[in-house]
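Accompanying notes for the structure given below.
The values are calculated or read from the model by the stated rules, or taken from the named source; none is laboratory data. Because the structure is a prediction, the values reported are computed rather than measured. Note: ideal-geometry Cβ built from the backbone for every residue, glycine included; neighbour counts use all protein chains shown. Protein only, heavy atoms only, side chains kept; ligands, DNA and RNA dropped before computing areas. Shrake-Rupley method; radii C 1.70, N 1.55, O 1.52, S 1.80 Å.
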Amino acid sequence: MFDGLDDFYHDILAGSLRRRAFTVIGSFLLLGFCLLLVPFIGSEFLPASDEGEVDVSGEMEIGTRLDLVDRQTLKIEQVINETVPEAVAQIANVGSSGWRPDSGARGSIDITLTPSTERQRTNTQVAEDLRQQLEGTIPGMLIRTRAPEGQNLLDRILPDGGGLNVEVRGYELATLDALANEVTERIADVPGVTDVDPGRRTGVPQERITVDRAKAADLGLSVRQIAEALETAVSGRLAGEYRAAGNSYPIRVQLKDAQQLSLDEILNLTLSTPGGQNVALRNLVMIDPGRGPILIDRKERQRTVTVEVNVGDRDLGSVATDIRAKLDEIPRPVGYDLNVAGSYEEQQESFHELLLSIGLALMLVYMVLASQYESLRDPFVVMLSVPMAAIGVLITLFITDTTLNVQSYIGCIMLGGIVVNNAILLVDQAGKLRVEDGMHAHDAVVLAGRRRLRPILMTSATTMLGLLPLALGIGEGADAQAPLARAVIGGLLVSMLITLVLVPVAYTLIHPDRDHPQRRGCCDWSERSCSMGGVSLTLLGLGLHGCTAPEDAAVPARLGQATGRAGP
């Protein structure tokens, strides 16, 4: 194997300057070709992971009685018991919970499934089948199902939750509602969108009471008198304080059973005018029925309506891109914005920071190498192996159907410090042979490749084999870490193979042997192939073939002595 390696390096490095430059250019062309795979890989914030849970929620009209919501939720539980044999526990919640009062007509059920190794269906498949079973079976209730895929933690720590959201920002609530409904209709047909929640509810029924100032003035009553009468009837009015033993107790005047009084009964109350007449309140006010907002959300000092989107069978980044294209088609008034938020917003910020981290890591690696080598050229040769790792990363993610996410980006950051090790072994050994033994760059690289091949293969193989179980996703929850291992394995494998060719060629280009005798008889640029020990060598599909000249068929004498092998 080592004899063949000598011939391999000698054959490549013996070519003309143009052919060696073409080897470097070909490597970067291969990198550019692999970058074309990025749109087909997809992206998301965190990798999908089967957490063994399914969430089902059902929502009815605002103001629906709690007992009716509970009755309909029990029907959902019956369907779950019949169609989800994998369920081991259920937690049902009916009515408002937490700090949001807009879920009073909502019922939710959290289903816990058996471990993934003990069932045939994933939680995503269970949620999809359950969605089909529940569709249209519960009258008056809008049902949504969702399979958490590594998003439970995000639901708790992110202000917008862990899903994909569309934020409608503006001021007028009516305009926000209209835009939210338009967004819901437009994005419902986007591939990968399973459920859409328009966010803001219609509100509770309310009656707006406006004082008729003209009538009140004619009767000698002030607006304050009328307002105080309504305040006393509805919520009570502070009339004074009772003090005893150093304690103060407020005295509030309120009608008996005020909470049970209807609006008609309140408006039948009378006020005495300065002339001694009794006038009913309904003759002094105007009633405007409508609905009042239950909750007004604000973000960055703007009123916001959040449209929640459930995503399935497609990566988050692709769905978000299609949704943004749909949002661009929606006309909006001045001062109103439509933004894609939630996990996608966190994904964009995280990717930007991770790319900055990768650049910073590479810069630090170069600085360390430059200080150790006391040179700017040798570290540059070593760093050529880093972009070649991207070839393996992209190909591996594409073949394994893995997305670009936070975990795979962390793997790329790790590769920035791992893949340079192989090139360091070659360059460091070649540099010592040039400086200490006075070898030419060509001969030094050939001998360095022979000496360092086994350490390179051993260190790379141990790293890849150690990450293999994690890359295969073996075990409960291992899918969350698999992208990291796959990125490292793919990048390290391809970088190792290309480094054995690219680094030696680049080293000879950086350190040309001006006094080295020309190798006559080597392949000319126009030649397509020639023999190398009777074997035709095709490198990276680029048709890079080489041959040995008669006078250079053997490595120089000092190289043969150093390796213990004489020339033929």
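Tabulated data
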| read-out | value |
| --- | --- |
| Residue match in segment 335-342 (condition: crowded, with 17+ Cβ neighbours inside 10 Å, touching a residue at least 12 places away in the same chain (Cβ under 8 Å) and part of a helix (DSSP H, G or I)) | no |
| Residue within segment 202-222 that is closer than 30 Å to Ala147 by Cα and part of a loop (DSSP other than H, G, I, E, B) present | yes |
| Per-region count, segment 176-197, residues of a type outside the set (Lys, Arg), open to solvent by 40 Å² or more (accessible area, probe 1.4 Å) and not in a strand (DSSP E or B) | 8 |
| Leading residue by the ranking (farthest from Thr403 (Cα to Cα)) among those in segment 122-163 that are acidic (Asp, Glu) and at pLDDT below 85 | Glu135 |
| Count of residues meeting criterion [crowded, with 18+ Cβ neighbours inside 10 Å and farther than 30 Å from Asn405 by Cα] in segment 67-86 | 6 |
| Glu349 vs. criteria open to solvent by 50 Å² or more (accessible area, probe 1.4 Å) and assigned to a helix (DSSP H, G or I) | yes |
| Any hit, segment 59-66, residues being farther than 30 Å from Leu404 by Cα and without any contact (Cβ under 8 Å) to a residue 40 or more places away in the chain | yes |
| Pair list, Cβ under 8 Å, 6 or more apart: segment 289-301 residue at negative phi and open to solvent by 50 Å² or more (accessible area, probe 1.4 Å), other residue among the polar types (S, T, N, Q) and not in a strand (DSSP E or B) | Arg291/Thr202 |
| Single unsatisfied condition, Thr462 versus (1) touching a residue at least 24 places away in the same chain (Cβ under 8 Å); (2) assigned to a helix (DSSP H, G or I) | (1) |
| Filtered residues of segment 124-146 (kept if of a type in the set (A, V, I, L, M, F, W, C) and under 20 Å from Val69 (Cα atoms)) | Leu130, Leu134, Ile138, Met141, Leu142, Ile143 |
| Search result, residues across segment 30-52 that are over 20 Å from the mean Cα position of the chain (by Cα) and either at pLDDT below 85 or surrounded by 13 or more Cβ atoms within 10 Å (Cβ to Cβ) (or both) | Leu30, Leu31, Cys34, Gly52 |
| Lone qualifier among Leu238, Leu219 - being touching a strand residue (DSSP E or B) at 6+ places or on another chain (Cβ under 7 Å), modelled with pLDDT of 85 or more and open to solvent by 40 Å² or more (accessible area, probe 1.4 Å) | Leu219 |
| Residue match in segment 322-344 (condition: of a type outside the set (Gly, Ala, Ser) and at pLDDT below 85) | yes |
| Matching entry among Leu509, Leu426, Leu467 (being touching a residue at least 40 places away in the same chain (Cβ under 8 Å) and buried (at least 18 other Cβ atoms within 10 Å of the Cβ)) | Leu426 |
